[in-house]
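Engineer: My questions all concern the structure below.
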Amino acid sequence: AIVLTVVGLLSALLSFGSEPWQPTIDSFGPVLAGWVVASAVIGSAARFLIQTYAQSLSAHSHGVVIMVVEPVWTALLSAAWFGETMTGMQLAGCGLIFAALLISRAAAVGQLVRSALRQDVPS
């Protein structure tokens, strides 16, 4: 709730200060109101609810992994879905986040690799 409130307030302040609002106010109607509500409920609140519930079912260390990788997936999916382009610096940032994740989880990654290699070796 705190995250949603802070993001909402900061976004609203920045939007009110930097965007023209008169055309929006002049053409405001039930369809626009419906889209705003749907965006807030489906796009934000429902996603946080599902994410929080899913993380409650896993170990705390897995929840941290999900939170760390979230911006990387957001950037990659927006590039794929919307045709967004990423600069070299943005790609390097994604790479650093992913590398840090692999380094912090080196023992688990090593165990996963060893397990996969044992399964591939015929007995």
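Engineer: Take the solvent-accessible surface of the protein heavy atoms, probe 1.4 Å, and return the percent of it on the chain that carbon and sulfur atoms account for.
Structural biologist: In the chain, the share of accessible area belonging to carbon and sulfur is 74 percent.
Engineer: How big is the charge dipole of the chain about its Cα centre, in debye rounded to the nearest 20, if each Lys and Arg gets +1 on its Cβ and each Asp and Glu gets -1 on its Cβ?
Structural biologist: 520 debye
Engineer: Separate question: Determine the principal axes of the Cα atoms in region 17-123, then give the extent along each, sorted from largest to smallest and rounded to whole angstroms.
Structural biologist: 72, 36, 27
Engineer: Can you give the longest run of the chain that contains no chymotrypsin sites (Phe, Trp or Tyr not before Pro) sitting in a DSSP loop with at most 14 other Cβ atoms inside 10 Å?
Structural biologist: It works out to 29-123.
Engineer: When the Kirkwood radius is taken over all Cα pairs of region 61-122, what Stokes-Einstein diffusion coefficient follows at 4 °C and 1.567 mPa s, in µm²/s? If you can, show how the numbers build up before the last one.
Structural biologist: On the way: Rh = 13.4 Å.
In µm²/s, the coefficient rounds to 96.
Engineer: With the crude spin-label approximation of a point 7 Å out along Cα→Cβ, what separation in nm comes out for Ile25 versus Ala54?
Structural biologist: My value for the distance between the label points is 4.0 nm.
Engineer: Ok, one more. Specify which residue in the list Ile42, Gly110, Phe16 is farthest towards the positive end of the charge dipole of the chain, using unit charges on the beta carbon of Lys, Arg (+1) and Asp, Glu (-1), about the Cα centre.
Structural biologist: Projecting each Cα onto the dipole axis, the largest value belongs to Gly110.
Engineer: Let me ask something else about it. Can you give me the span-like helices of the chain, meaning DSSP H runs with 30 Å or more of Cα extent along the axis and Kyte-Doolittle mean at or above -1.0?
Structural biologist: Helices passing the filter in the chain: 60-82.
Engineer: Take Ser104 and Leu117, extend 7 Å from each Cα along the Cα→Cβ direction, and tell me the distance between the two endpoints in nm.
Structural biologist: Spacing of the two 7 Å Cα→Cβ label points: 2.6 nm.
The values are calculated or read from the model by the stated rules, or taken from the named source; none is laboratory data. These numbers were taken from a predicted model, which means no experiment stands behind them. A quick note on method: Cβ atoms are made from the backbone with ideal geometry, for glycine too, and the neighbour counts reach across all protein chains shown. With ligands, DNA and RNA removed, areas are computed over all heavy atoms of the protein, side chains included. Shrake-Rupley method; radii C 1.70, N 1.55, O 1.52, S 1.80 Å.
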